[in-house]
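Please read the structure below before turning to the comments.
The values are calculated or read from the model by the stated rules, or taken from the named source; none is laboratory data. Keep in mind the model is a prediction, meaning the values are calculated, not measured. Heads up, the Cβs are rebuilt from the backbone with ideal geometry, glycines too, and the neighbour counts pull from every protein chain shown. Ligands, DNA and RNA are excluded from the accessible area calculation, which covers all protein heavy atoms including side chains. Shrake-Rupley method; radii C 1.70, N 1.55, O 1.52, S 1.80 Å.
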Amino acid sequence: HAKTMGGGRTAVFERQMHSGALAMLQLETDLRLALKRQELLLYYQPIIDLKTGQIAGFEALVRWQHPRRGFVLPGEFIPVAEGTGSIVPMGAWVLEEACRQLQQWHERWKSLGLIPPNRERGEGVGGSAPFLTMSVNVAGVQFGNPGLVDYIDQILQQTGLSGSCLKLEITETAIMAAAESAASLLHQLKKRQIQLSIDDFGTGYSSLSRLQRLPIDTLKIDRSFVSRMSSEAESLEIVRTCIDLAHNLDMDVVAEGVETLEQLAQLRALQCESGQGYLFSRPVDATTATALWMSMPQW
Ligand code: C2E
Ligand code: MG
Ligand code: MG
Ligand code: MG
């Protein structure tokens, strides 16, 4: 390949200096086409109410079905998409697709007579939780985009969903980096009753005084702490501290990466409201998620 591009002497140089950059460039190009070619899809992972064992909602997780690369996980392309800005159109697609799926589930439940008439848009009534929530990851770059609120308004209007069914997940780092503009955006979202979660909590640096002033509903404790909590006293203490902090700030908690019954028991003992992890289910495609949800005794 290098030879056709300019002779054998460049081959070593190219391999050593450029292969990483070239691969990145190719990934970038492919990524820009991925949306157009409809190669992206969403998987859904249930979030379980640890009191009742029921599915409280799903988190939408993007996947890339690439013709040559195969099934690509977000860890490989989200950072690239964030760097090049293609995360903005991609994130817009994710939001719309996730809401469209949630609306479809709502329609299904309505047609089965399982949504009470006073909860037509899926909203919680009299302090009860919303019917089923959809959590969507929002990257820092998207978060700084002033068009985000209008775009979400449009989607809510199109789907007829209550804002309270939608939960946006923003990493601790992105929230803290976005400074003052973040606060005003978060308040605009809260006006629409949209729920807000801090993702991967514990891995970044949070200013507690700022955290207290932001209208956050949920802390998601990072998987790294949950996975070590049964074997490492220190991690258990971190999890306990995060849960106490959240409760003191009037937030609830989702533990990420719950894989064992021991972790589940510990989280329950610590009054953690919700859990997400392979113990309950891996992220699955929409059809499997529908089956999973239909099989749960929700009524
Ligand atoms: P995240 O938002 O913290 O999502 C949770 C990740 O943990 C998911 O990885 C999920 O598959 C994985 N996970 C859940 N339970 C377990 C478990 O019990 N054990 C283990 N080992 N892993 C578990 P995934 O789907 O590969 O996504 C990785 C990250 O990529 C996400 O982390 C999120 O930051 C980002 N991401 C995914 N989809 C999107 C998206 O649509 N937009 C943006 N901006 N970021 C996304
Ligand atoms: Mg997340
Ligand atoms: Mg997370
Ligand atoms: Mg995480």
The residue that is farthest from L102 (Cα to Cα), considering only those in region 269-293 that are without any contact (Cβ under 8 Å) to a residue 24 or more places away in the chain and loosely packed, with under 14 Cβ neighbours inside 10 Å, is A269
List the number of the failed condition for T203; all other conditions in (1) in contact (Cβ under 8 Å) with a residue 40 or more places away in the chain; (2) of a type outside the set (A, V, I, L, M); (3) within 16 Å of ligand 3 (Cβ to nearest atom); (4) farther than 14 Å from T218 by Cα hold. (1)
Residue selected from region 186-217 under the condition open to solvent by less than 20 Å² (accessible area, probe 1.4 Å) and of a type in the set (A, V, I, L, M), by the criterion nearest to ligand 4 (Cβ to nearest atom): I198
Filter region 156-187 down to the residues that are of a type in the set (D, E, K, R) and in contact (Cβ under 8 Å) with a residue 12 or more places away in the chain and list them by number. K167, E169, E172
Region 134-150, residues that are farther than 27 Å from G124 by Cα and more than 9 Å from ligand 1 (Cβ to nearest atom): G144, N145, P146, G147
Among (1) within 16 Å of ligand 2 (Cβ to nearest atom); (2) within 26 Å of R121 (Cβ to Cβ), where does V226 come up short? (2)
The correct count of residues that are surrounded by 16 or more Cβ atoms within 10 Å (Cβ to Cβ) and either under 18 Å from S274 (Cβ atoms) or away from ligand 1 (no atom under 16 Å from the Cβ) (or both) in region 218-246 is 18
For T171, state whether it is within 16 Å of ligand 3 (Cβ to nearest atom) and crowded, with 20+ Cβ neighbours inside 10 Å. yes
Considering only residues that are under 25 Å from Q212 (Cα atoms) and surrounded by fewer than 17 Cβ atoms within 10 Å (Cβ to Cβ), which ones fall in region 253-268? R268
Could you pull out every one of the strands (runs of 3 or more DSSP E) wholly within region 160-240 that has 2 or more residues that are in contact with a Phe, Trp or Tyr (Cβ under 8 Å, 6 or more places away or on another chain)? 218-221
